[in-house]
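Before any comments, here is the structure.
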Amino acid sequence: MTATTPPERYADLLDGADPVLARLVEHLDRALRPRPAPPRVQAALGHLLQQRSEASLGSGHDGGRAPGTLSRRAALKVGAASMGFLLTLGHITPATARELAHLAREGPMTGVRLASILRTERTHLAALLERVGPERMEEPGVEGTWSVKELVAHLTWYERAVVDAARQVLGTGTFTRARPADITMDELNARVASESRARPVADVLAEADRVFAQLLDLIAACPEDLLNDPRRMGLPDDVVPWMLVANNSYAHFRQHEQAIQEWLDRTTA
């Protein structure tokens, strides 16, 4: 079988002329278009990437690490195996997937480091909201029919879901999914937007700041293994918890910041 050239979004995985990896990535891409990749494809890709990563890390060992922490090798393993999963998330673009994979290769994520990333990304959103100004927050048509106020409420709901999940896991060791099982994500998003329309702009913005502050405090205090080890939350091996946080926070910011920016450019002109 002759491997075809995979999409640019997988360029970071193909750092050499490796026909076996090229074929695996091609299969992964085909599988991801209509549905998540079959387990055997993800497992094969993850196994191959693990072997390549361990070879590049040398023969160092992980002895002497404190309990509850992940080694660089373990973090790299889950980070590499997660590329297929990342590209199935709702808020992750190919560029952000590459960025998160790069962060995973640098070693286990810590709460302090992730909180710092969140804080930096939030300044970009805050600057954009300042440009909009309170007088334009309720103008429809920013993204579909939604206003900036509705988008802020939408972002806040996802951040609160992360806060609630972290509190549940830290307190009980388990968590319950925030979205009710009887409604779809689209229906939930529409409900959140609808409920925000009757609320004053100041209340929506104040709630957004309050929930984000809670998110920062919780993430900064999260144990390293809770952020890096899927087993702590009963997740598949290729689903890294801190990447889920990124998906529902700053990757989500970026997704809607683009729409707000384009709306500002369009309406200002």
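Looking only at the stretch 107-132, residues that are in contact (Cβ under 8 Å) with a residue 12 or more places away in the chain, open to solvent by 60 Å² or more (accessible area, probe 1.4 Å) and farther than 20 Å from Gln261 by Cβ come to 2 in all. Is it fair to say Arg210 is within 21 Å of Gly133 (Cα to Cα), open to solvent by 30 Å² or more (accessible area, probe 1.4 Å) and touching a residue at least 40 places away in the same chain (Cβ under 8 Å)? Judged against the criteria, Arg210 is not a match.
Note on the stretch 217-234: among residues that are of a type outside the set (S, T, N, Q) and under 15 Å from the mean Cα position of the chain (by Cα), the one that is nearest to Ala161 (Cα to Cα) is Ile219.
Screening Leu216 with (1) surrounded by fewer than 17 Cβ atoms within 10 Å (Cβ to Cβ); (2) touching a residue at least 12 places away in the same chain (Cβ under 8 Å); (3) not small (Gly, Ala, Ser) gives one miss only, at (1).
In the stretch 226-240, the residues that are under 21 Å from Val112 (Cα atoms) form Cβ pairs under 7 Å with partners that are among the polar types (S, T, N, Q) and open to solvent by less than 40 Å² (accessible area, probe 1.4 Å), at six or more places apart or across chains, as follows: Val239/Ser82; Val240/Ser82; Val240/Asn228. Can you find even one residue in the stretch 133-151 that is open to solvent by 10 Å² or more (accessible area, probe 1.4 Å), closer than 18 Å to Asp217 by Cβ and in a helix (DSSP H, G or I)? The answer is no, given that none of the residues of the stretch 133-151 is open to solvent by 10 Å² or more (accessible area, probe 1.4 Å), closer than 18 Å to Asp217 by Cβ and in a helix (DSSP H, G or I).
The values are calculated or read from the model by the stated rules, or taken from the named source; none is laboratory data. Just so it is clear, the model here is predicted, and its values are computed rather than measured. Quick reminder, even Gly has a Cβ in these numbers, built from the backbone with ideal geometry, and neighbours come from all protein chains shown. Remember, those area values only see protein heavy atoms, side chains included, never the ligands or the DNA or RNA. Shrake-Rupley method; radii C 1.70, N 1.55, O 1.52, S 1.80 Å.
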